[in-house]
Structures are given as structure tokens and as C-alpha cells.
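Only one structure is covered here, and it is reproduced in the block below.
The values are calculated or read from the model by the stated rules, or taken from the named source; none is laboratory data. Keep in mind the model is a prediction, meaning the values are calculated, not measured. Cβ sites come from the backbone with ideal geometry, for glycine too, and all protein chains shown count toward neighbours.
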Amino acid sequence: MWRGLGLALALCLLPFGGTESQVQSVRCKEAPRWHIQDQEPMLNSLGRVTVVALLQARYHWKYVAAYLLEDLRMKLESEGFSSISYIVVNHQGNPSQLNFKQLKDKVSENITVYQQEENQKDVWTTLNGNKDDFLIYDRCGRLVYHLGLPYSFLAFSYVEEAIKIAYCEKSCGNCSYMEMQLPVPN
């Protein structure tokens, strides 16, 4: 019981890394508009909880996050959490572009991996994100959680719990896309 309470408290207060007023100014706002080439991934995800991972395909150990994200997706799906969009946005820099294929190969077709162009407006900056951040949006595209390190490390349960909260609760109020498809316990 205490572990769950501690986790809930950490999810409510810590991941934003700021004061109470900063948390309220970010949480539940609609995702800023961003695109990669001619696609707008957030518009394509409306109606589903959306997980956006900001990963950098540059170092071999960074692919571990892609493996763990795939494992988390499969775990949640087996628990009945369906209709979740998983999006990875690779870093904009040249070393990341050179390793894009390796990053993309670490996940299934159920996780979309996007490569930014060097000359486009940086998506990470638009999202106010950093390397290894996870942004969790509700079905209406409103930010429920923005998790940075160490809370975004997938060996911990913060990202998983944040996804479940966005999926099951109305943290940001009613949503016209809300279809309460609660998972059936195993």
C-alpha cells in the first residue's frame, strides 16, 4: 500500500521538476502543433492515449530504451490497454540521423519512429523536452505527464503508471474522445 501511495505522490509532484504553479501551467494543455515532413502525429493520434518518447539514436546503450518501450507496449496490451499510440521522435542532430535505422529496427511496427530533418523546427524544443523524456497525452491530446530522467527510465514504473492514469482517469477533465475501455483484469 505504501509503495503505491509513494508512486502516486511521485507521479503527481515530481516528474514536472518545477513548482506547483509551473506544473499547473503545463499540465492539461493541448499539445503544441508539430510536424515531421507532411505528417502531424498528434492529430493522427486523437482519440487514443499518446506516448511520445524523445530518444537519441546515437549510442548503442540508447537502443535499450527502444527495447524497453516495446516490452512496455506489449505488457500493457496484454493487460487490456489498447488504443494507445506510441511515438518516438529521434534527435535532430546528424549522428542521430545516421543511426535512425538502428533505432527504428528495435521496435515493432506498433511504435512509430520519426526522424526530424536537420533544417526543420526542432520538435524537442517545441515540446519543451530533452533526451529520454516521455510525454503522455490523453485522448484529446492534452498533456497528462511529462516525465524526464530519472522518472523516464523504463526500468522504473513511472512511465507505465502515467500511461495507465491517462488511460483510466479523466485527469484533464472530460474528453469528447473518451471511450472508457477499462482493461479486464486477468
- prompt: of a type outside the set (D, E, K, R) and either over 15 Å from the mean Cα position of the chain (by Cα) or surrounded by fewer than 21 Cβ atoms within 10 Å (Cβ to Cβ) (or both): does that describe residue 135?
  reply: no
Tally, over the stretch 66-81, of residues that are among the hydrophobic types (A, V, I, L, M, F, W, C), more than 16 Å from residue 136 (Cα to Cα) and surrounded by 14 or more Cβ atoms within 10 Å (Cβ to Cβ): 2
field: Qualifying residue in the stretch 161-173 (condition: at pLDDT 95 or above, outside any loop (DSSP other than H, G, I, E, B), buried (at least 16 other Cβ atoms within 10 Å of the Cβ) and in contact with a Pro (Cβ under 7 Å, 6 or more places away or on another chain))
entry: no
statement: Restricting the stretch 58-82 to residues that are outside any helix (DSSP H, G or I) and in contact with a helix residue (DSSP H, G or I) (Cβ under 8 Å, 6 or more places away or on another chain), the one nearest to residue 108 (Cα to Cα) turns out to be 81
- prompt: So is residue 120 over 12 Å from residue 51 (Cβ atoms) and in a helix (DSSP H, G or I) or not?
  reply: no
query: Just to be sure, is residue 101 basic (Lys, Arg) and either in contact with a His (Cβ under 8 Å, 6 or more places away or on another chain) or over 16 Å from residue 66 (Cα atoms) (or both)?
result: no
- prompt: Conditions: (1) in contact with a helix residue (DSSP H, G or I) (Cβ under 9 Å, 6 or more places away or on another chain); (2) at pLDDT 90 or above. Residue 149 meets all but one. Number of the miss?
  reply: (1)
statement: Per the list (1) farther than 21 Å from residue 150 by Cβ; (2) at pLDDT 90 or above; (3) in a loop (DSSP other than H, G, I, E, B), residue check on residue 85 breaks on (3)
statement: Apart from one, (1) modelled with pLDDT of 85 or more; (2) touching a Pro at 6+ places or on another chain (Cβ under 8 Å) all hold for residue 70; the odd one out is (2)
query: Which pairs have Cβ atoms under 8 Å, sit 6 or more apart or on different chains, and link a residue in the stretch 139-160 that is assigned to a strand (DSSP E or B) to one that is among the hydroxyl-bearing types (Ser, Thr, Tyr)?
result: 143/137; 144/137; 144/171; 147/158
